[in-house]
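K.L.:
Quick one: this structure, given as structure tokens, is what I'll be asking you about.
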Amino acid sequence: MPRKPDTPKPTPAELELLQVLWPMASGTAKQVHQEMQRTKPDVTYATVLRLMQVMHGKGLLVRDESERSHVYAPAHAQDSVETNLLKDLMQRAFAGSAKALVLAALKTGISKKERDEIEKLLKDDDTGNEK
């Protein structure tokens, strides 16, 4: 799915909702609310419904109104939104430098397993191999 340059950036609350909805592919406000309550038991149905309505208005969600309960789905693929957010962060915080962003991420502390995975990806990239 091609990324539009004017794709709206989700707020932290919207991103949290998207992270619940992406694995579901689509769902009603009630289904999303039930799933969100697993990690945020204080979140109300009204808050989830209103947030989903706002996200639909911003173009972050699409809505199927053919059923009594509207079914919402992400308007953009997860990797597309994550890439867009990463590029934005890289521009704003690291003067556009991918190297500076990666070095900062590595300095925050990663596990041995994560370091091994990164080294394997870099090695595979250098030799032209696929994963």
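K.L.:
List the pair-distance distribution P(r) of region 41-96, using every Cα-Cα distance, as the percent of pairs falling in each 10 Å bin from 0 up to the bin containing the longest distance, rounded to whole percents.
P.N.:
Spelled out per bin, shortest first, that is 21, 35, 29, 13, 2.
K.L.:
Turning to a different aspect of this structure: Using just the helices of the chain, give the 222 nm mean residue ellipticity in deg cm²/dmol: DSSP H runs with n ≥ 4 each add -39,500 (n - 2.57), and the total is spread over all residues, rounded to 500.
P.N.:
-19000 deg cm²/dmol
K.L.:
Using a Gaussian network model on the chain with a 10 Å cutoff between Cα atoms, which of LEU17, LEU49, LEU103 fluctuates the most?
P.N.:
Taking springs between Cα atoms under 10 Å, the residue moving most is LEU103.
K.L.:
Sticking with this one: Roughly how many debye, to the nearest 20, is the charge dipole of region 1-89 about its Cα centre, given +1 on each Lys and Arg Cβ, -1 on each Asp and Glu Cβ, and no other charges?
P.N.:
100 debye
K.L.:
How large is the accessible surface per residue of the chain, computed with a 1.4 Å probe and reported in Å² as a whole number?
P.N.:
71 Å²
K.L.:
Same structure again: Report relative contact order for the chain in percent, whole number only (criteria: Cα-Cα under 8 Å, sequence separation at least 6).
P.N.:
21 percent
K.L.:
GNM, the chain, Cα, under 10 Å: largest mean-square fluctuation among ARG38, ARG63, ARG50?
P.N.:
ARG38
K.L.:
Here is a further query. Region 14-76: which GluC sites (Glu not before Pro) are DSSP loop and have at most 13 other beta-carbon atoms within 10 angstrom?
P.N.:
GLU65, GLU67
K.L.:
Going by the alpha-carbon gyration tensor, a ≥ b ≥ c the square roots of its eigenvalues, is region 1-122 rounded (a/c under 1.5) or, if a/c is not under 1.5, prolate (a/b greater than b/c) versus oblate?
P.N.:
Judged from the Cα gyration tensor, region 1-122 comes out prolate (a/c at least 1.5, a/b above b/c).
K.L.:
While we're on this one: Considering only protein heavy atoms and a probe of 1.4 Å, how much of the accessible area of the chain is carbon and sulfur, as a whole percent?
P.N.:
54 percent
K.L.:
Give me the Kirkwood hydrodynamic radius of region 51-131, using the inverse of the mean 1/r over all pairs of distinct Cα atoms, in Å to one decimal.
P.N.:
16.1 Å
The values are calculated or read from the model by the stated rules, or taken from the named source; none is laboratory data. Since this is a predicted model, take the numbers as computed values, not measurements. Heads up, the Cβs are rebuilt from the backbone with ideal geometry, glycines too, and the neighbour counts pull from every protein chain shown. Accessible surface areas use protein heavy atoms only, side chains included; no ligands, DNA or RNA. Shrake-Rupley method; radii C 1.70, N 1.55, O 1.52, S 1.80 Å.
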